[in-house]
Amino acid sequence: MGDPGQSMMRLSCLLLVFALVVLGASRARAQPAHELVPPRMLGDASVPYPGGAHGEATVRLLIVVKADGSVGDVIAEAGEEPFATAARTAAAAWRFEPATRDGQPLAARIRSEVHFSEPPPSETEPASAPAGAADGGAPPPPKIEAVQEVTVRGDRVAPGATSIGRAEVRQLPGAFGDPFRALDALPGVTPIVSGLPFFYVRGAPPGNVGYFIDGVKVPYLFHAGAGPSVIHPAMVDTVELHPGGYPARFGRFAGGIVSATSAEPRPELHGEGNIRLFDMGALAETGFADGRGTALVGGRYSYTALILSLIAGDTRLDYRDFQGRLTYDVTPKDRLSLFTFGAYDLVAQTTNGIESVLFGSEFYRLDLRYDHRFGPDTTSRVAVTGGFDQSHIPGQPRNSQNKLGQARFSIDHRASDTVRFRGGADAMIEDYTADERPYSDPDDPTAKQFNALFPARDDLTTGVWSDVVLQLGIWQIVPGLRLDLYNSGDATAIGVDPRLASRIDVTKRVHVIHTFGIAHQPPSFLIPVPGLAIGSLRGGLQRAIQSSAGVETELPEDFTATFTVFDNIFQNMSDTLGVSRDPGDSAFSDTRSLGSAVGAEVYLRRKLTKRVGGYVSYTLSRSTRSVGTEHFLSTFDRTHVANAAIAFDLGKNWRAGTRFTIYTGTPLVPPGGNGLVAPPRSLNPDRDPTFYRLDLRLEKRWYLSRPKGSWIAFVIEVMNATLHKETLQGQEIGPVTIPSIGVEGGL
Amino acid sequence: MRTRPFFCLTAPLALAYACVPADTRPPPGTLTMTVSPSGALDGGVTSADGWTITFDRVLVALGNTGFSDSCTVYGEADYDRIIDLGAGNGQKLGILHGLGQCDLRFRVAAPDDQTVLGANVTEDDRQAMRIPLTDPYELQTGSQTGAGASFDIAATATRAGVTKHFHFVYRRRVRYQRCTPDAPPADASIAALAQAAAFSDSGAAVDLHENEEVTYDLRIEPEGLFRDDVNPTSAALRFDPFAAADTNGDGTITLDEIRAVPITTIRDAGAIEASTYEVDDAGLLRRGQPVVIETLGDFVYELLAPTLVRFRDVGWCVGSASGRRGPG
């Protein structure tokens, strides 16, 4: 049925899906190609004849059909306006049964031709109806016509990385629908304290883990007080954890990389919102200029202050975040995007009628990017980013700030089906300042340490990177190199980071994955704090040598299993948390150490969006440090970390899930002696007791329109429903529990 | 004091922005804590039994001065300093900023590598005080590595041509709070006063107003080691029991020697059980394990040593020593 008032035209939509799987000449000789099923359109493909246009036209579209069957990028490769825009806009709303390889859905790129024929002025039939539909006859199926061979390629997650999509995370108990909160359930991730959004990744401390959103570095992912992530979950498409040996495009962090990709712009009006016990959030996006542009706004607002005032009237906890995005397709091959986001947190306490800020932080980013497609195989991006970070440092107390500007460029070129080049460069300048400590004792060593560690200065960092994806039959190998030049105050250092990743498809279901990489990083603080970074490259660059080897297996019933062993070496490492006997007393020192982390990870998973889905992740590891002649276990070494989750579709739009988390305790650190010789730390010390918790989730959804369109859901979720307490260095903490009751909705 | 960035004022989504606020609190009062020696450092003191006691050198490591939660805290002096009492009166200990009625807290504790050196104190002094050694009384952990020195008192006593030396090193960490500027009444039981102070509502050792500057002094009385009573108001100084402890006659009195002297040489009533106080994780005082005082050494180490610090000349504070009595 066509939209009233709109002049519709019967048209024929030629949809070609001719998938040709190219696995490389040697493999083609060695064994038959994997079974591939191309995408299949669902429903009819109606494209309105653009108003004010005349004549006939043909538009050729290059369409990315995502693994979930929705349409991603749509490029009009040929065709005049306004037909090109009309075709692109309509195609963005098409739905497909996705392409599959051996039964596994994957993204595919297809070409489609849309032929427009000008309707006679008297007809007003729906575009999807063929001639004669006015008499009630069923429309004929679209004609399939070969246009050109198309290579189907799935862009896999980088070898060694773990990806989790938002749809899955919604069903993960304890994640509160937040993709970033699912990170602590992944193998290789060791929590510091349950509920705290900082963790060790394969032995690397929180300050060595980098967080990126669409390539833009952000200082932290979560709000204070065990709050939600700083980006509305609806804006996040996938989150990838690279625990080591990451692609060359990531650098300047010697631990792990958390990289989030925002959802593709969609021109049709859509959005979602939620109201929970502590906060509310919303996100909405729509198109303009006939679908060439999209505009998105989103954000979250907490009313924890109001709730806390009923419980602890002298304490205030506040957090907010916002996101905004504008995209505009200048031409079918050129897109301009403006992406802005920010977050704010505040903890304050009132005594005798005077409110004192205990902790405050904020960061803002403005990212302007230009994407250009040279052709079907080459894309480029040029972007400039501006940002501001500020934190109120507890214990000092003062504000520290950082203003930053970055320009970056990247290019991606598929030279053939076996060779793909990627490269880029960037330059970033950061201006660090700190207010004078207003009420301090000038003899206070801590204040002097702070000033020495965090001087006011300008940091300039430049880098270039490149890698090549080589598909040699069953073997995909990705060598890469990254060079970074660091300048902070009067100090300069160069980091040379070679990277190598390999994936061998031993059989169609068994893959062997290796990663290796060297990563450099400037000295880092305990945890990421906006506006605070150790200056002047004190102590020099940190270096991590990361390697892993693993096997990934696709099992029956849509299960995937991965077994990985890893071995990381950290040289000149900043890890105050991991080496200090009392991190609180030595927060403003930077003790360097030699570190090592070895272990094995097991990950068995079935998508949580299945009727019955779940996963089991287990990490066995040992993380050690050496300072001088002393060799000991890292303060946050946990031998065993395990998570198990299961989600059920109970029918009638009820979904339930539970997650069980268990990990062994950290080593008990003997307190620092009062004299010169502190008691030695052992490689086999006593430990805190094991901690476990159970998270629960229950959802009931109602669809307000069919097929599954607008919806509203009631969700109850509890992290640590068992109210189990945790022990850290002999001190019992908690129970830290986060209950959430709320209503969510989307359209 | 804090900059309000340009972004805060021009952000396109102003409703969602909320910048970390500037400091709008009223200006605080300033409290300067100082340390002074008692008059005994200047020419010595004469005991009731005729000994002239002089002090060769007295070092004390103390600091970590702060306020209780009952007032608005703007800034504290969370660091320690080694004070040489021979360097004079009014030596700076720390500067604090706050508003309202506050209880004060501070501590004596063995120094670390961040401890600030006071006048006439050298790095060698700090390193010497950091050396962990054991004695029968200091804090013992499972590692048995000992502790550094909180007090290091070297005294010499002479009478009728006889000279005795007494070098006392105290290795416990003592936290002080609930300070009062009033001297304890002569007939009062310190134990009863301490109990009353420990479990009352938080005292107001200082009342700070906007822009007010106040200086409070801690007076260290090393001669307090020779008191015959814990109440300094009513106690007399007696050195005879110490002299008598020098059983090997080498002129140097050791801690082990005074531990061999029965308490009856000081107190006719004999052995007593003394209350102790501990500070829990919330910073509150609570009753600790009582200690049995049987010898002169017990009396000096467990009861007298923590009372050497006086608040504002004649006042006193409730002290809670960490650790327990060790074997021996």
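The values are calculated or read from the model by the stated rules, or taken from the named source; none is laboratory data. As the structure is a computational prediction, the values presented were derived from the model and not from experiment. Cβ placement follows ideal geometry from the backbone for every residue including glycine, while neighbour counts extend to all protein chains displayed.
So the values come out like this:
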quantity: Which numbered condition residue B:63 misses (of (1) within 15 Å of residue B:173 (Cβ to Cβ); (2) at the interface with chain A (Cβ under 7 Å from one of its Cβ atoms)); calculated: (2)
quantity: Selection from the range A:83-103 of residues that are out of contact with any strand residue (DSSP E or B) (no Cβ under 7 Å at 6 or more places or on another chain), at pLDDT below 80 and outside any loop (DSSP other than H, G, I, E, B); calculated: none
quantity: When residues of the range A:390-445 are limited to those that are of a type in the set (Val, Ile, Thr) and either away from every other protein chain (no Cβ under 13 Å) or assigned to a loop (DSSP other than H, G, I, E, B) (or both), the one nearest to the chain's Cα centre (by Cα); calculated: A:411
quantity: Subset of the range A:659-685 that is touching a Leu at 6+ places or on another chain (Cβ under 9 Å) and at pLDDT 90 or above - its residue that is nearest to the other protein chains (Cβ to nearest Cβ); calculated: A:667
quantity: Residue in the range B:205-225 that is modelled with the highest pLDDT, counting only those that are buried (at least 17 other Cβ atoms within 10 Å of the Cβ) and in a loop (DSSP other than H, G, I, E, B); calculated: B:221
quantity: Residues being free of Cβ contacts under 8 Å to residues at least 40 places away in the same chain and among the polar types (S, T, N, Q) - total across the range A:67-115; calculated: 1
quantity: Candidates A:481, A:500 - the one that is under 30 Å from residue A:593 (Cβ atoms), surrounded by 18 or more Cβ atoms within 10 Å (Cβ to Cβ) and out of contact with any His (no Cβ under 6 Å at 6 or more places or on another chain); calculated: A:500
quantity: Residues of the range A:441-458 classified as in contact (Cβ under 8 Å) with a residue 24 or more places away in the chain and more than 18 Å from residue A:576 (Cα to Cα), total; calculated: 4
quantity: Selected residue (criterion: farthest from the other protein chains (Cβ to nearest Cβ)) from residues of the range B:144-177 that are among the hydroxyl-bearing types (Ser, Thr, Tyr) and within 23 Å of residue B:105 (Cα to Cα); calculated: B:176
quantity: Unmet requirement for residue A:197, which otherwise passes all of (1) under 20 Å from residue A:461 (Cα atoms); (2) outside any strand (DSSP E or B); calculated: (1)
quantity: Residue that is closer than 29 Å to residue A:532 by Cα, more than 11 Å from chain B (Cβ to nearest Cβ) and under 26 Å from the mean Cα position of the chain (by Cα), where the choices are A:321, A:279, A:371, A:345; calculated: A:279
quantity: Residue match in the range A:44-63 (condition: modelled with pLDDT under 80, surrounded by 14 or more Cβ atoms within 10 Å (Cβ to Cβ) and basic (Lys, Arg)); calculated: no
quantity: Contacts under 8 angstrom Cβ, first residue in the range B:88-107 being facing another protein chain (nearest Cβ under 9 Å), partner among the basic types (Lys, Arg) and assigned to a strand (DSSP E or B), 6 or more apart; calculated: B:92/B:81; B:94/B:81
quantity: Residue A:415 aliphatic (A, V, I, L, M), more than 30 Å from residue B:113 (Cα to Cα) and out of contact with any helix residue (DSSP H, G or I) (no Cβ under 7 Å at 6 or more places or on another chain); calculated: yes
quantity: Extreme residue, nearest to residue A:64 (Cα to Cα), among residues of the range A:353-368 that are at the interface with chain B (Cβ under 8 Å from one of its Cβ atoms) and modelled with pLDDT of 90 or more; calculated: A:364
quantity: First in the range A:618-647 and closer than 30 Å to residue A:696 by Cα, second anywhere and of a type in the set (Lys, Arg) and part of a strand (DSSP E or B), Cβ under 6 Å, 6 or more apart; calculated: A:645/A:659
quantity: Test for residue A:340: is it at the interface with chain B (Cβ under 9 Å from one of its Cβ atoms), more than 30 Å from residue A:437 (Cβ to Cβ) and under 21 Å from the mean Cα position of the chain (by Cα); calculated: yes
